């Protein structure tokens, strides 16, 4: 872990990534959300949502994918790129690959949301379907690399990916310099590690927390025990938050999390669904389940958070199937 700690992404590399991806990823807004009973007049607390759902692919993943792919040589672009993803990173790689004219091959689990699979295909990528386990996606991708020589664009455990995702945190700290609490979803750890690295280097006094479903709480266990643990796919696949089903946090990501993150909060499935409804009602943003977990922590786990006056919750994506969104918005409160 010492060697990894020595290679934490610098503010310089994050700013370089921001300049590099400016023509592909957008600078998303902070949208204030007056959640009843939590923020607004009389509470002393104000909450903003970082609307990554407004990226061209509907999720933050375009940041890291673009930062990685835009640094490939002409020879590497000619070989084509490959990744393994349940959906949003797949779209990010497909989008960035299309921009540079590279072939993109995506290894996806069979339970990936149809809306994400269709969007990946629409961007011109080739999809290879495998089973539920993230370990199986990795194994198949590695086999295809051996057979065809593709360049791997990892979903999270990569310095260039982390630096790209960190541009989200850079924007938060630049837009709201007096932010004192930032919450980000976590699964493989790309977004949380990047956001935390940027925020803490620009505003050391701010607190950064990761949030994940309690049904896929491998990172929370890893953070608590101090070493990376792996959960089986049959456990992590239970959560509605399909973007947070990775079985273990990445090694580089964990080093950043240990260096910059205050803690990991877990939320229930009912809390995720309630947070989706709250986000839509308060801001008219459309979050996918994975994109609602950070807001769920603010809404339902204030006892686990430090005192704050200005908080930001990252809405990491909005690629939700219309039928699921309709179900969540119309179900009775539990």
Quiz item: Within the group 9, 38, 107, 26, which residue is crowded, with 22+ Cβ neighbours inside 10 Å, touching a helix residue (DSSP H, G or I) at 6+ places or on another chain (Cβ under 8 Å) and outside the structural domain of residue 137 (by TED's automatic domain parsing)?
Solution: 9
Exercise. Considering only segment 256-274, state which residues are more than 18 Å from residue 190 (Cβ to Cβ) and assigned to a helix (DSSP H, G or I).
Key: 269, 270, 271, 272, 273, 274
Exercise. Kindly provide the set of residues from segment 142-158 that are more than 15 Å from the chain's Cα centre (by Cα) and surrounded by fewer than 22 Cβ atoms within 10 Å (Cβ to Cβ), ordered by number.
Key: 142, 143, 144, 145, 146, 147, 148, 149, 150, 151, 152
Self-check item: Answer from 306, 287 - the residue that is assigned to a loop (DSSP other than H, G, I, E, B), outside the structural domain of residue 113 (by TED's automatic domain parsing) and either free of Cβ contacts under 8 Å to residues at least 24 places away in the same chain or more than 21 Å from residue 90 (Cβ to Cβ) (or both)
Solution: 306
Quiz item: Can residue 132 be described as within 25 Å of residue 272 (Cα to Cα), in a strand (DSSP E or B) and touching a helix residue (DSSP H, G or I) at 6+ places or on another chain (Cβ under 8 Å)?
Solution: no
Exercise. Confirm whether residue 282 is in contact (Cβ under 8 Å) with a residue 24 or more places away in the chain, out of contact with any helix residue (DSSP H, G or I) (no Cβ under 6 Å at 6 or more places or on another chain), within 18 Å of residue 61 (Cα to Cα) and in a helix (DSSP H, G or I).
Key: no
Quiz prompt | Segments classed as strands (runs of 3 or more DSSP E), wholly inside segment 24-126, with at least 3 members that are closer than 21 Å to residue 285 by Cα and in contact with a strand residue (DSSP E or B) (Cβ under 7 Å, 6 or more places away or on another chain) | solution = 30-32, 46-51
Quiz item: Are any of the residues in segment 145-167 in contact with a helix residue (DSSP H, G or I) (Cβ under 8 Å, 6 or more places away or on another chain), in the same structural domain as residue 27 (by TED's automatic domain parsing) and closer than 20 Å to residue 304 by Cβ?
Solution: no
Quiz item: Scanning for something surrounded by fewer than 16 Cβ atoms within 10 Å (Cβ to Cβ) and on the phi > 0 side of the Ramachandran plot, does segment 244-256 turn up at least one residue?
Solution: no
Quiz prompt | Selection from segment 233-243 of residues that are touching a residue at least 24 places away in the same chain (Cβ under 8 Å), surrounded by fewer than 24 Cβ atoms within 10 Å (Cβ to Cβ) and assigned to a loop (DSSP other than H, G, I, E, B) | solution = 237, 240
Quiz item: Here are some residues: 90, 125. Which one is over 28 Å from residue 223 (Cβ atoms) and in contact (Cβ under 8 Å) with a residue 24 or more places away in the chain?
Solution: 125
Self-check item: Scan of segment 309-318 for residues that are surrounded by fewer than 23 Cβ atoms within 10 Å (Cβ to Cβ) and either touching a strand residue (DSSP E or B) at 6+ places or on another chain (Cβ under 6 Å) or not assigned by TED's automatic domain parsing to the domain that holds residue 32 (or both), ordered by number
Solution: 310
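Here's the yes/no breakdown for (1) modelled with pLDDT of 95 or more; (2) assigned to a helix (DSSP H, G or I):
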{"position": "247", "(1), (2)": "no, no"}
{"position": "254", "(1), (2)": "yes, yes"}
{"position": "276", "(1), (2)": "yes, yes"}
{"position": "291", "(1), (2)": "yes, yes"}
{"position": "298", "(1), (2)": "yes, yes"}
{"position": "312", "(1), (2)": "yes, no"}
{"position": "329", "(1), (2)": "yes, yes"}
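The values are calculated or read from the model by the stated rules, or taken from the named source; none is laboratory data. Predicted model, so just to flag it, every value in this text is computed and none were measured. Cβ atoms come from the backbone with ideal geometry, glycine included; neighbour counts cover every protein chain shown.
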